[in-house]
Structures are given as C-alpha cells and as structure tokens.
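**Student:** Just passing along the structure, written as structure tokens.
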Amino acid sequence: MYLDELFGLNGKVAIVTGGGRGIGQTVAIGLAKAGAKIAIFSRTGADKTVALIEKEGGEAISLLADATIESEVDAAIEKVLERFGSLDIVFNNAGICIHKGTVEASIEEWRQVIDINLTGEYIVARAAGRVMIERGIKGSIVNMASMSGSIVNLPQWQASYNASKAAVIHLSRSLAVEWADYGIRVNSISPGYIATPMSVDTPQELKDVWMPLIPVHRMGDPEELVGAVIYLASSASTYTNGADLIVDGAYTAF
C-alpha cells in the first residue's frame, strides 16, 4: 500500500513525553495506530494512555521520567531499549505556560518555564540523539514549539513561554544541521490554540479576545496535530529537516 509506505510506522519505536493527557496523549495514540510501539515519559504516569493504545491493539509502556532530569531520562531510555530494542522517533511534547507579565512573574517562574519547555526538550533530544548516533539509526525527533515562538500572543503576557518556544524552534534547526550527516532529522511543530486543558481552562476574557483573531474562528482539536507529527516521523518527510510546521488555523498568517 502506497500510503503505508509513506506514512506507516510499523516496526518503529517512539518516545512521547508528556503523554498522559492532552496533545501528548492524542498524538501517542495516533502514532500507535500508524504502527509504532510507544513509550510514554511523564512525571505522574500515563496508564490511561497505555490502556487506550492497547485497547486499539497497539503496544505501549508508561515510564516515570522528568524530562528536566538527565539521569531519569537516560534510565527511561535504557528501559525503552530493553523492552523494544530500538529508538526511532521522539515527540518532545512536555511543556507548561505561566500567564504573567514580566514585572509580576518571579525569576523562579521564568526558570521553571525555560527548564521544562526548553531544557527538558534539549535533554531528551540529546539523550535520544546519542542512542541514534551510536546505533546508526536514521531517526526523527519532533520538538513541540508553538505559534508563540513566532508571534506575541494577546491579551495575555507570557514572555517566558514565548521565549522558550522561539528557542525550541532554533534548537531544532541547530540539531537538524548538526546531526544531518547521521541521517537524524529534527523538526518542530508549532500549534496555535488547541482545545486542551492548557487553553480551555484559561479565563473566558482571554478566549473572548483569541477567537476573533483566529481566521477559522475556532480552536484546533488535538486530533488535527496527529497528521503533522506522523508526517514528520515517517518516510514521507525524509527531505524535511530543520523545519517548523505551523498548525494554527492561519493565526500567524497576517
């Protein structure tokens, strides 16, 4: 089947960070449906996601690992290799946002956002890249950025989040060039407002401003990101490297 050859992930092993809920959970399920074996890294466990994948006939494990702690990430990757024997795909998804103005936000809050959104992705990508290089795996790493890495959101102030996501985009480009000779591709995905707890549970007065600014007049569904990640993880994108794929309902188009 032609589409299976392009987009199928049969025999591939994928790590998804922050896969216990929201975008991470939805994408993990989508990658499993495309044929990948899934290892979910999270700080609190992702048994529900594993159960949903297994219900559909897929194979998945949940591993406790804080993406900001290098020793925990290294230990979890070792367990992935013991269980599945390979590591082909990473969806670096874990992240947070703090809506506070720069003067009001503490330096501790700045560091928390940067540590999770940027340093955590660096640690996971670095550990996975090392495995891929050592084993000669031509893998794919997909880092979670945001449209906030390209524009400044209104009316909320979130300089730490915006800065972290802009850095993720350039980190992805940097790793793409650095690891190109190994056949490892590194790209990022930049969603707009997606209907997950991070966006849905925000104050209504913020959403009242957001909606008129979205040309398609709605938030995206997490399912609408699955195809983008599968594309970047699959053989369909073997010449796509160092790219940032924006999926935002045309929010950043004007």
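Computed from the coordinates by the stated procedures, all read-outs in this text should not be read as laboratory data. This structure is a prediction, so every number in the text was calculated from the model and none was measured. Cβ atoms come from the backbone with ideal geometry, glycine included; neighbour counts cover every protein chain shown.
**Student:** Where does segment 2-247 land on the Kirkwood hydrodynamic radius, alpha-carbon pairs, in angstrom? Walk me through the numbers on the way to the answer.
**Tutor:** Details: mean 1/r = 0.0554 Å⁻¹.
Taking the inverse mean of 1/r over all distinct Cα pairs, segment 2-247 comes out at 18.0 Å.
**Student:** Could you tell me the center-to-center distance, by alpha carbons, between segment 186-225 and segment 26-75 in angstrom?
**Tutor:** For segment 186-225 versus segment 26-75, the Cα centre distance is 24 Å.
**Student:** To continue, here is another question. Sort Y182, Y122 by Cβ crowding within 10 Å, fewest neighbours at the top.
**Tutor:** Y182, Y122
**Student:** For the chain, modelled as a Gaussian network with Cα springs under 10 Å, which listed residue fluctuates most, A125, A233, A34?
**Tutor:** A34
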